[in-house]
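Please treat every number below as a calculation from the coordinates, not as lab data. Keep in mind that this is a model prediction, so the values were computed, not measured. Backbone-built Cβ (ideal geometry, glycine too); neighbour counts: all protein chains shown.
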Amino acid sequence: MVNTQVTLSGLVLSNPVIPASGTFGYGYEFAQAYDINCLGSFSFKGTTRQPRFGNEPPRIAETASGMLNAVGLQNPGIDRVISEELPKLRRVFHKPVVANISGFSVDEYAECCARIDREEQVGLIEVNISCPNVHCGGMSFGTSPESAAEVTRAVKAVTTKPVYMKLSPNVTDIAAIAKACEDAGADGISLINTLLGMRIDLKKRRPLLGNTTGGLSGPAVFPVALRMVWQVYEAVNIPIIGMGGVASAEDVIEMMLAGATAVEVGAANLVDPFASKKIVDGLPQAMERLHIENLSDIIGGAHHG
Amino acid sequence: MVNTQVTLSGLVLSNPVIPASGTFGYGYEFAQAYDINCLGSFSFKGTTRQPRFGNEPPRIAETASGMLNAVGLQNPGIDRVISEELPKLRRVFHKPVVANISGFSVDEYAECCARIDREEQVGLIEVNISCPNVHCGGMSFGTSPESAAEVTRAVKAVTTKPVYMKLSPNVTDIAAIAKACEDAGADGISLINTLLGMRIDLKKRRPLLGNTTGGLSGPAVFPVALRMVWQVYEAVNIPIIGMGGVASAEDVIEMMLAGATAVEVGAANLVDPFASKKIVDGLPQAMERLHIENLSDIIGGAHHG
Amino acid sequence: MFDTSFEILSNKKIAQNTWEIVLRGDTRGIAPGQFVNLRLEGFYLRRPLSVCDFNDGTLTLIYKVVGRGTEALAALPAGTALDVLTGLGNGYDTSVSGPRPLLIGGGAGVPPLYALAKALIREGKTPAVILGFNSAGEVFYEEEFRALGTDPTVTTADGSYGVKGFVTDAMELDYTYFYTCGPEPMLRAVYAKSVTSGQFSLEERMGCGFGACMGCTCKTKTGHKRVCKDGPVLTKEELPW
Amino acid sequence: MFDTSFEILSNKKIAQNTWEIVLRGDTRGIAPGQFVNLRLEGFYLRRPLSVCDFNDGTLTLIYKVVGRGTEALAALPAGTALDVLTGLGNGYDTSVSGPRPLLIGGGAGVPPLYALAKALIREGKTPAVILGFNSAGEVFYEEEFRALGTDPTVTTADGSYGVKGFVTDAMELDYTYFYTCGPEPMLRAVYAKSVTSGQFSLEERMGCGFGACMGCTCKTKTGHKRVCKDGPVLTKEELPW
């Protein structure tokens, strides 16, 4: 019997598989397809203080082994998430959930995190300082160590639950930003958000996405994500949630060998609604094939070989 | 009859297709497969002052819709390139060639560029300040506007031919670096070099590449490359050679609509030795389908629609 | 939502750039106006196609060849297995149609009206049908609609077949309700000219096709709607046109 | 180098994790010790496989199923078309073999020695053959070598078949030259024990397979060599072991 359990800052997960924010809504669509309690946890749709429509269409474009999205943080706002979404979620998901919070100012991050911190269902707060699809805010907080640290400090001052800062890969030195978050009190690091990309409509000779650029995800970005998890693992001593193109149990293991304690699954959920379940189901077999008894033993294993 | 001609800083190319440095050697292997004079030009293997073996194996890994390489600038050194490779090349390629030069110090860049500048076969110098696979130098020059400008100034001071700075995509603000190169006198910008990535060997639980990390190329990176060409086009007024995952005539057109005057084809040459020729051959048909008469008319066309 | 494997029974060109594919598999939970989402080898995103016809064991879809994905689909021979998500989206509500509903389809928007026409006829209603195309070479399914017992009016923009003009030029009919599917300019023209309530089937680039990614959200009078999950069929009253 | 389309005639398991694939197509310019480079749908890089056997219209390759790529290859049915680059690499030089060359293959290194044995026999030479495997279940092509008129010695590391031990344990033979292919530790052991000159077929992860990318360079006594283009066969004198 293999053991898939991992622990994120005291939060025990039965397995490291966490559907990524923005690819799993608030869970209901997937709960209709399968019992989502098989998951380690899941990270709900990025939530802001105000309700947001997001960007103009088209918001989706296809790429080789991946996709671009420019949804732009569409969400019902923190009030309705707390009053409507969380109670609905409670009926289909009985484990602590990862609350993904976005903002456009340090104050907004702090206010939303403080409010979501009080919700019993929330096990961990993932602070998105890396959304590439919103203007003024979002990614800009994640592109300098100073602003990343500022958001971290503000959120940590008003919360009690583990705070994981979700970083952008669109930077020169991801390790420096992760280190700044750690020094500012972050409990963990979550990475990578999407790589900024674009496509052009050849017939219209205009950008394909309504927002011009969008975030690249899918297997195309997996090697970049893996490299950044590797670099951050070398730079910090707090746990890492690794993500970016993960599509199989083997990918989860590769991410963990690079340094991830848990692993988010993103775009894969969109092309196969059963993807996260299949990955959870496939883990024991993959572990046996690779002679892994305790999954938590391999975290960062490729650094010391 | 469509017209595929483009001009790079006065250098007229019969078409915009240029095999990228490091994927075309010094041309002979391909000249055995087809007449490489059908190409607009080609960019030869990155050349340094000293001969280099490069990195320990393995140097290659596969990824979804792409590959990692960590060759590490293996090359025979500038002396032998001038005394042996260029004379051999002259027999199979009768157009001006793009000389790709790398270095580990500002002096080395200047010295090698000055020497290659004097070679009649060279039509354009592509200064690689973005190789991700060498330590001390290489990419580090391409990750700050100041050092990129410093190399540019040093090279421009000792050369007469057009100088294109080849930039790294592993940065927070590619436009700022391109602008710094332009301000320092660069005649053009070449981008993107590879994205830094890695893979782990699950059985050995160690990085798959001898160099730990490597450069990601192939269709996986195309949307990132396209976005950066777009951003640089908005920031500078000098021509751009766009590259990154280009695999078809349509991809060439998409790159040009984003702002590229010419387009390099990289990894595609490695999986299909005839790829660049097929792209050249496919351009007229793709242009007709998209109602393009003069290819040079569409450069940056998606910016003003 | 079901994830099912279908087998291609036939896959043939039926008009200019237009192909009909017939699949064998589990068709439970498929309704008129819904769509299915096909996975194609070598392409990351699935391809959503509206349901044209279905019975106990077969499913018929019609698609335009417009890019590499649909080119690849058109090249698949009979016998190929396809991974298909079925039961996606809200289909047409036939209960509100009244006795003489009008069905208005344009180009690639024609197929879902075929399954709808069958359902309405089964309910004892008498649908009138208008099918709009650009030109004669693109016309398809006129005979199939006729075989159902309807008398379709075909329009072509260039007048090379049927009534010259747009579908709205043929809308001078007495109807109790309408259902329409086609390109957005056509839908807006139908909206403007319609005298009854009706239902519109919308199209948008989709990520997942089952409501998770918010990739296809549109604004309506009753809030933000996901075309894939809350739609693709929306009522005239919801549209902010 | 030729870019050719081959058709799969057969593709079957012949030992533990070991498959033999027979292809029909243009085999011009293929020589013993060379390799071909296969394109597989869904995988970016080609898969290099050494030439096991060939005649005017067919090409036989043997491969170990070790990952997703070779799993996908093993799943391809007869009739599938494959894009193959042929004529890659420098093969074995048979002119220097003398009358009694020794052929030493280990595991996935056995196949190229088969085409070599045929060529040597055609030249009137009498090759001796040692084939090394881990265990009985992995043994393949013993009968095929026997059918050529050779008398292969088979070794298994666990002694479950033939001589217990490594290929070097069976090298106590009188030979004029040697040719070897197999995992590097085996090649180094052969190098150390050999008493004549010989040729080694090397393996390295390749990018292109035709000398362009410098992905598979190795150091030799005569400079840097590309395994794919200057090799895969190198002489004992070149190796810096």
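Remarks
- Positive contributions from Lys and Arg (+1) and negative ones from Asp and Glu (-1), summed over other residues with Cβ under 11 Å from the Cβ of C:G231, come out at -1.
- For chain C: relative contact order, % (alpha-carbon pairs under 8 angstrom, 6 or more apart): 18
- Whole-angstrom gap from region A:72-109 to region D:9-55, using each part's C-alpha centre: 54
- Averaging 1/r over each pair of different alpha-carbon atoms in region D:137-239 and inverting the result gives 15.4 Å, the Kirkwood hydrodynamic radius.
- Residues C:L40, D:L49 in ascending order of nearby Cβ atoms (within 10 Å, fewest first): C:L40, D:L49.
- Gyration tensor over alpha-carbon atoms, region A:142-238, equivalent ellipsoid semi-axes in Å: 30, 15, 11
- Chain B: relative contact order in percent, alpha carbon pairs under 8 Å with at least 6 residues between: 21
- Check: the protein assembly as shown dipole with +1 on Lys, Arg Cβ and -1 on Asp, Glu Cβ, in debye: 60
- Highest average first, the peptides A:186-195, B:175-184 ordered by how many other beta carbon atoms sit within 10 Å of their residues are A:186-195, B:175-184.
- By DSSP, the beta bridges lying fully in the protein assembly as shown are antiparallel in about 55 percent of cases.
- Region B:164-187-region B:36-55 distance, computed between alpha-carbon centres (Å): 21
- Shielding of peptide B:189-201 by partners, expressed as the average count of other chain Cβ atoms within 10 Å per residue Cβ, is 4.
- Per-residue Cβ neighbour counts within 10 Å put A:F93, C:F35 in the sequence A:F93, C:F35, beginning with the fewest.
- For region D:94-197, the residue among D:G132, D:F178, D:F145 whose Cα projects farthest onto the positive side of the dipole built from Cβ charges is D:F178.
- Taking the label point 7 Å along Cα→Cβ, B:T212 and its counterparts in the other copies are spaced 3.7 nm apart, in ascending order.
- Radius of gyration, Dmax [the protein assembly as shown; alpha carbons; angstrom]: 31.1, 101
- Descending by average beta-carbon neighbour count within 10 Å, the peptides B:15-24, D:125-134 line up as B:15-24, D:125-134, the highest first.
- Farthest toward the positive end of the dipole of region B:38-192, out of B:T152, B:A184, B:P87, is the Cα of B:P87, where the dipole comes from beta carbon charges about the Cα centre.
- Fewest-first sequence of B:S43, C:S135 by Cβ atoms within 10 Å of each Cβ: C:S135, B:S43
- Every Cα-Cα pair of region C:94-197 was included, and the share exceeding 15 Å stands at 56 percent.
- Environment charge of B:E126, counting only residues whose C-beta is closer than 13 Å and scoring Lys/Arg +1, Asp/Glu -1: 0
- For A:D35, inter-copy label distances in nm, listed shortest first [label point 7 Å out on the Cα-Cβ vector]: 7.0
- Counting Cβ atoms of other protein chains within 10 Å of each residue's Cβ and taking the mean over peptide C:65-77 gives 1.
- In terms of distances greater than 25 angstrom between alpha carbons, the cross-link table entries D:K164/D:K229; B:K166/B:K277; B:K45/B:K88; C:K125/C:K193; A:K88/A:K277 yield D:K164/D:K229.
- Sorted from closest to farthest, the other copies place their A:S9 label points 5.0 nm away, with each point set 7 Å from Cα along Cα→Cβ.
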